[in-house]
Amino acid sequence: MLLYALALEFTQMSRTDSIGKLGIILSFIGYCFAPSAAEAYQCGWVFAPQVQYDTGTNATGVDTADFNGDGLLDIIVSNRVTNDVVVLVNDGTGQFTLLSTVFVGGTPRYVVAGDLDGDGDIDAVTPNWDGDTVSILINDGTGVLTVLDEYTFYRPTCIALADLDGDGDLDFAVSNLRGDSITIAANLGKGGFVVATTLLVGPRPR
Ligand SMILES: [Ca+2]
Ligand SMILES: [Ca+2]
Ligand SMILES: [Ca+2]
């Protein structure tokens, strides 16, 4: 038996359309343990109607985290045409409003949330397709992000955050489409990064 409620909720929150509206399911009632996704649909969950929010043009990246520290999950979205990242804050009833926007440039295709500088609030990172950069976005504690730094890569496509060197802070791994490689960058502790290693992985990782 698997819990399919969480998987379905995430799928809906990740769906964006070509003009930048983010479609989400506001809430669900009940949990479902089922042997397959198909059977999970028969569990009788009650979903609220889907609501779309304008986020920017061509929203392609999305993640969730508590950006303003009120205990409620908010949404962060990267817009690959308007070249910015927006935070939508949760008011506690499942309604989201625009909290902040930060310009990053270079076609940010994805965004990933995590506490990069170790101060307890949630920051973010974007791989910028046309900019050949990775942007480090730091939270002021209220959900307003600013660009701390940018690092040069080779057509960065996807990025992941994890403590890869085991020192307690979040590092990142980024795939380089032009370099046929993945680069591991180590966090220096305050959101500054240094390349630890680059591994060849095959043609055009994305
Ligand atoms: Ca929040
Ligand atoms: Ca932080
Ligand atoms: Ca680390």
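Bear in mind that the values in this text are calculations on the coordinates, not laboratory data. Worth saying up front: this structure is predicted, and the values here are computed from it rather than measured. We place every Cβ from the backbone using ideal geometry, glycine too, and count neighbours over all the protein chains shown.
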(request) Would you kindly derive the ³J(HN,Hα) couplings of region 122-139 from the backbone phi angles with the Karplus curve 6.51 cos²θ - 1.76 cosθ + 1.60 (θ = phi - 60°), listing them in order in whole Hz, with x for Gly and Pro? (result) 8, 9, 7, 9, 10, x, 10, 4, 7, x, 6, 9, 10, 9, 9, 10, 10, 8
(request) Taking 7 Å along the Cα-to-C-beta vector as the label spot, tell me the T101-V81 distance in nanometres, rounded to one decimal. (result) 1.4
(request) Between A48 and D66, with labels modelled 7 Å along Cα→Cβ, what's the label distance in nm to one decimal, could you check? (result) 1.9
(message) With +1 assigned to the C-beta of every Lys and Arg and -1 to the C-beta of every Asp and Glu, and no other charges, what is the dipole magnitude of region 96-164 about the Cα centre in debye, to the nearest 20?
(response) 380
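Suppose every K and R has +1 on its Cβ and every D and E has -1 on its Cβ; what is the size of the dipole of region 60-175 about the Cα centre, in Debye to the nearest 20?
720
More than 15 Å apart: what percent of Cα pairs in region 158-206 qualify?
It works out to 41 percent of all Cα pairs.
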(request) Report, by chain and number, residues whose modeled amide H sits under 5 Å from the one on D163, excluding near sequence neighbours (fewer than 5 apart, same chain). (result) D171
(request) With a/c under 1.5 counting as rounded, go ahead and sort region 129-189 into rounded, prolate or oblate using the C-alpha gyration tensor (a ≥ b ≥ c being the square roots of the eigenvalues; past the cut-off, prolate if a/b is larger than b/c, else oblate). (result) oblate
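Please find the FRET efficiency linking D91 to K190, where r is the Cβ-Cβ separation and R0 is fixed at 41 Å, and quote it to the nearest 0.05. Don't skip to the answer; put the middle values down first.
Details: r = 32 Å, r/R0 = 0.77.
With R0 = 41 Å, the Cβ-Cβ based efficiency is 0.85.
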